[in-house]
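Below: one structure, written as structure tokens.
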Amino acid sequence: MSNRYSLAGRKLMITGADSGIGRQCLDDALADGAECVVLVRDAEAASRLSGVVPGERMVVSDFANADSAAPAARSAIIALGGTVDGLISCAGIFDERTALETPLADVQRILTINLTSGFEVARECGKVMSAAGHGSIVMVSSQIGVVGYPKAAAYAASKGGINSLAKTLAIELAASGVRVNAVAPGPIVTPMTEEARADEERAAAMLAAVPIGRLGETEDVSAAIQFLLSDAADFITGQVLCVDGGVTAV
């Protein structure tokens, strides 16, 4: 009997794969036998994956320029041999300012990196997957896009947009055999939360908000993403899976 949870032999595209959750997804997918191509923002990010992913499987694209996202996705698909079975859309930045504090230019930059460029990559993958009659797209959002959070207005807007985009794409692509879901992590031990975790008061508040009693690890999120990419999730689409230790249940 085949393992429905396995990604062995799958051709995957991963954005934001050089650190945090994206890097964990890359490591886990490679360990499971998947073929991976990564989109990274610059040469420095690419250097962090040297020896992990061959150079021909790395595409540099600065998501602050949305016009570069679709061509980068097409190049990544070519690197996979012209097809793609799964997309892990993980690239993003955090910004800790209120709506009143955030200049419009910064709002636009955050939305471009976190939402618009991801939209473009998902659209390119969706075209190829629809033509093939199968595929799975997983977009990484955040609990902050589900319940809101003070001092993260632009970030919350971008992540809420991802959740809505995933649901809409799921409906639009379902008849073509393509599934689309979002994963919304809670407080996870990553470079993005490093500053907050280094502050004793903020770290305590972060932990106190998690009913399960610990911060999440990147492995927790990667496991959920791998499940949604696999055949075991074949009847799951249009969902926002909160991997947050119960934060959004309170």
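The values are calculated or read from the model by the stated rules, or taken from the named source; none is laboratory data. Please read these numbers as outputs of a predicted model, since none were measured by experiment. Heads up, the Cβs are rebuilt from the backbone with ideal geometry, glycines too, and the neighbour counts pull from every protein chain shown.
For GLY246, state whether it is small (Gly, Ala, Ser), out of contact with any Leu (no Cβ under 8 Å at 6 or more places or on another chain), over 24 Å from SER6 (Cα atoms) and modelled with pLDDT of 95 or more. Show your work before the answer.
On the way: small (Gly, Ala, Ser): yes; out of contact with any Leu (no Cβ under 8 Å at 6 or more places or on another chain): yes; over 24 Å from SER6 (Cα atoms): yes; modelled with pLDDT of 95 or more: yes.
Considered against the rule, which asks whether it is small (Gly, Ala, Ser), out of contact with any Leu (no Cβ under 8 Å at 6 or more places or on another chain), over 24 Å from SER6 (Cα atoms) and modelled with pLDDT of 95 or more, GLY246 comes out as yes.
Taking only the stretch 165-203 into account, find how many residues are exposed (fewer than 15 other Cβ atoms within 10 Å of the Cβ) and at pLDDT 95 or above.
Residues of the stretch 165-203 exposed (fewer than 15 other Cβ atoms within 10 Å of the Cβ): 168, 171-172, 174-175, 177, 191, 194-195, 198-202.
Next cut, at pLDDT 95 or above only: 168, 171-172, 174-175, 177.
Matching residues across the stretch 165-203 total 6.
Please tell me if SER158 is crowded, with 22+ Cβ neighbours inside 10 Å and closer than 29 Å to GLU124 by Cα. Step through it out loud before you land on a result.
Working: crowded, with 22+ Cβ neighbours inside 10 Å: yes; closer than 29 Å to GLU124 by Cα: yes.
So SER158 passes the test.
Among helices (runs of 4 or more DSSP H) lying entirely in the stretch 1-107, which contain 1 or more residues that are in contact with a Cys (Cβ under 7 Å, 6 or more places away or on another chain) and surrounded by 15 or more Cβ atoms within 10 Å (Cβ to Cβ)? Lay out the reasoning, then the answer.
On the way: elements: 20-31, 43-48, 69-79.
Qualifying helices (runs of 4 or more DSSP H): 20-31, 69-79.
Do we have ALA224 as under 19 Å from the mean Cα position of the chain (by Cα) and in a strand (DSSP E or B) here?
Working: under 19 Å from the mean Cα position of the chain (by Cα): yes; in a strand (DSSP E or B): no.
Against the criterion (under 19 Å from the mean Cα position of the chain (by Cα) and in a strand (DSSP E or B)), ALA224 does not qualify.
I need the full set of residues from the stretch 168-190 which are touching a residue at least 60 places away in the same chain (Cβ under 8 Å) and either closer than 17 Å to ILE144 by Cα or in a strand (DSSP E or B) (or both), in order please.
ASN181, VAL183, ALA184, PRO185, GLY186, PRO187, ILE188, THR190
Give me the pairs, please: first residue somewhere in the stretch 200-220 and touching a residue at least 60 places away in the same chain (Cβ under 8 Å) and of a type in the set (Ser, Thr, Tyr), second residue anywhere and assigned to a helix (DSSP H, G or I) and surrounded by 14 or more Cβ atoms within 10 Å (Cβ to Cβ), beta-carbon distance under 6 Å, and either six or more positions apart or on two chains.
Pairs found: THR218/ILE21; THR218/GLN24.
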